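Notes follow the structure.
The values are calculated or read from the model by the stated rules, or taken from the named source; none is laboratory data. What you are looking at is a predicted structure, and each value in this text was computed from that prediction instead of being measured. For neighbour counting, all protein chains shown are included, and Cβ atoms are generated from backbone atoms with ideal geometry for every residue, glycine included.
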């Protein structure tokens, strides 16, 4: 290679490095909403929900997206199952859970009382899963299955690690807990702890294990990513087929008469996304927050789009007809006008009506449908510059489909009323002539935030509500009550996009699966919104525990005894900073080693292989809390 060629390659190397730096700067926007949410997909007994920032408790409604600051309470003899992507969270009787923070890489839970069992299928290097209890913070460090119990007075936390590994931090100390350990921590300012072999499985463990096996056998994981929240209910409620135009599609079965996407459910206001669809069907989460809908013959089919490791959640993949709200069709809709919408078809661009970065617009589209990035840019520009001429030229396939557009009054829309019971018939000609908008220009009211759940007096005791937990990671600031929010729909003019898209971004796809074309992420102007005492579980016959690799329990994991840096000052009404971890004294280190050796002796394979008797009725949870 001569000197001239070397300089050329050096120039290209610098150019690539410079582009990579610009790309990394443009890739994230702290103002973007999270790309994932939680969903309650199963409830037994009485489960209550309190939206973040609000004081009222209502009956929890399945399929409502859950996010930072939201609260759940499972009452006596009740339980619930939640999912955040592939992570399952099971709640036992009389359990108080708060999402202290839920975003792209953080799942931080406040467990003030009760039982939570987590199965973590996948963790990236930059993911954080932290369970904060009144006397310690437990950080999960790898895939596995974990159970955390907090006794009613909040002075004891018990952690069972079936598979995996985690670290407990509290009272200035840290403790590594590995697979097959049952760790008990009592006290507050001074923690007393011990480790034992796992106790015999109780009825709650057996239930969780049966739910795991159900998910392990899920055929839908062949067609979508397990990180798509809500995929686990598709198998039981529809069938997969293949079409030449779209590839794998899912067709729901046993739907009501007159069913159409985004019709049998209701609308709620969930910050920071705004208007969000909550479907009535037990499977009604993934198909309404990911992918697209199309008509095949006379039936509707859901097209999940490319198999992306983490598809981006959207509140509702629809377009609004009639300008988005308050549009007066020829039929009577009351003084507030009507709101009409229809599902987006494959390849059609979703333009968020909430504040997002230019990068987010690409990601929410290319992870949910096969679409050319140039098309995304063009449609984005039309809406952000209010180019009504070009907007009206966009062909929306489903707008012209029979029985595809749903129209309700403004009062039905904002009050979270059942849409299917209040549909208004509008001539198709008027629908096709009505202007199209990317958002519903309708102001929410407090009922929009509370949602469709009926008011309930079933709630955690006041002492549990007030109880702070220990957190190693500063949680997100709590949500502001709706009554104190300023201008929920902030009408800022949108700045136009003036620069072409040139910088590609990688989209991570599963092996041997087709993925979307890379999505560019220039530092473009953002879209602004057009408005903005526990009773124990009754034991059943013993269920087997998950198998634990010997490598997990062969030797204690190295413990970092170096002092941790002092936490930056922060305050939160539901959490307090964990005291800085100090260096262990020789006596403390020796005590921990002795406890570990005693556990290891009691956990020998020949001893664990012996059948264990089930815990006595009505005493198993009491023993855990002693």
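Answer with yes or no whether residue 463 is outside the structural domain of residue 98 (by TED's automatic domain parsing), modelled with pLDDT of 95 or more, surrounded by fewer than 20 Cβ atoms within 10 Å (Cβ to Cβ) and part of a helix (DSSP H, G or I).
Values: outside the structural domain of residue 98 (by TED's automatic domain parsing): yes; modelled with pLDDT of 95 or more: yes; surrounded by fewer than 20 Cβ atoms within 10 Å (Cβ to Cβ): yes; part of a helix (DSSP H, G or I): yes.
It is true that residue 463 is outside the structural domain of residue 98 (by TED's automatic domain parsing), modelled with pLDDT of 95 or more, surrounded by fewer than 20 Cβ atoms within 10 Å (Cβ to Cβ) and part of a helix (DSSP H, G or I).
Just checking, how many residues over region 466-507 are crowded, with 16+ Cβ neighbours inside 10 Å, over 30 Å from residue 93 (Cβ atoms) and either at pLDDT 90 or above or under 21 Å from the mean Cα position of the chain (by Cα) (or both)?
3
If residue 256 meets every condition in (1) assigned to a helix (DSSP H, G or I); (2) within 30 Å of residue 417 (Cα to Cα) apart from one, which number is that one?
Residue 256 satisfies all of (1) assigned to a helix (DSSP H, G or I); (2) within 30 Å of residue 417 (Cα to Cα) except (1).
What do you reckon, is residue 409 in contact with a strand residue (DSSP E or B) (Cβ under 9 Å, 6 or more places away or on another chain) and buried (at least 18 other Cβ atoms within 10 Å of the Cβ)?
yes
Let me spell it out: the conditions are (1) more than 18 Å from residue 293 (Cα to Cα); (2) touching a strand residue (DSSP E or B) at 6+ places or on another chain (Cβ under 8 Å); (3) surrounded by fewer than 22 Cβ atoms within 10 Å (Cβ to Cβ), and residue 440 meets all of them except one. Which number is the exception?
(3)
Of everything in region 87-134, what is surrounded by fewer than 23 Cβ atoms within 10 Å (Cβ to Cβ) and in a loop (DSSP other than H, G, I, E, B)? Give them in sequence order.
The answer is 93, 103, 104, 105, 121, 122, 123, 124, 125, 126, 127.
Read through the list (1) under 17 Å from residue 286 (Cα atoms); (2) out of contact with any helix residue (DSSP H, G or I) (no Cβ under 6 Å at 6 or more places or on another chain); (3) surrounded by 19 or more Cβ atoms within 10 Å (Cβ to Cβ), then give the number of the only condition that residue 231 fails.
Checking residue 231 against (1) under 17 Å from residue 286 (Cα atoms); (2) out of contact with any helix residue (DSSP H, G or I) (no Cβ under 6 Å at 6 or more places or on another chain); (3) surrounded by 19 or more Cβ atoms within 10 Å (Cβ to Cβ), the one that fails is (2).
May I ask you to verify whether residue 260 is out of contact with any helix residue (DSSP H, G or I) (no Cβ under 6 Å at 6 or more places or on another chain) and at pLDDT 95 or above?
When the stated conditions are applied, residue 260 passes them.
Can you find a residue that is assigned to a loop (DSSP other than H, G, I, E, B), under 30 Å from the mean Cα position of the chain (by Cα) and more than 30 Å from residue 297 (Cβ to Cβ) anywhere in region 416-432?
There is at least one residue in region 416-432 that is assigned to a loop (DSSP other than H, G, I, E, B), under 30 Å from the mean Cα position of the chain (by Cα) and more than 30 Å from residue 297 (Cβ to Cβ).
What's the number of the only condition in (1) surrounded by 21 or more Cβ atoms within 10 Å (Cβ to Cβ); (2) farther than 23 Å from residue 394 by Cβ; (3) modelled with pLDDT of 95 or more that residue 315 fails to meet?
Single failed check for residue 315: (2).
Would you mention how many residues in region 442-460 are in a loop (DSSP other than H, G, I, E, B) and out of contact with any helix residue (DSSP H, G or I) (no Cβ under 8 Å at 6 or more places or on another chain)?
Kept after step one, since they are in a loop (DSSP other than H, G, I, E, B), are these residues of region 442-460: 442-445, 451-454, 456-460.
Now narrow it down to the ones that are out of contact with any helix residue (DSSP H, G or I) (no Cβ under 8 Å at 6 or more places or on another chain): 451-454, 456-458, 460.
Residues flagged as in a loop (DSSP other than H, G, I, E, B) and out of contact with any helix residue (DSSP H, G or I) (no Cβ under 8 Å at 6 or more places or on another chain) within region 442-460 amount to 8.
For the structure I just gave you, tell me whether residue 153 is in a loop (DSSP other than H, G, I, E, B), surrounded by fewer than 23 Cβ atoms within 10 Å (Cβ to Cβ) and in contact with a helix residue (DSSP H, G or I) (Cβ under 9 Å, 6 or more places away or on another chain).
Answer is yes for this residue.
Working carefully through the options 240, 250, 207, find the one that is surrounded by 15 or more Cβ atoms within 10 Å (Cβ to Cβ), modelled with pLDDT of 95 or more and part of a helix (DSSP H, G or I).
207
One residue is enough: does region 159-182 have a residue meeting the conditions under 19 Å from residue 464 (Cα atoms), in a strand (DSSP E or B), in the same structural domain as residue 580 (by TED's automatic domain parsing) and touching a strand residue (DSSP E or B) at 6+ places or on another chain (Cβ under 9 Å)?
Checked region 159-182: no residue is under 19 Å from residue 464 (Cα atoms), in a strand (DSSP E or B), in the same structural domain as residue 580 (by TED's automatic domain parsing) and touching a strand residue (DSSP E or B) at 6+ places or on another chain (Cβ under 9 Å).
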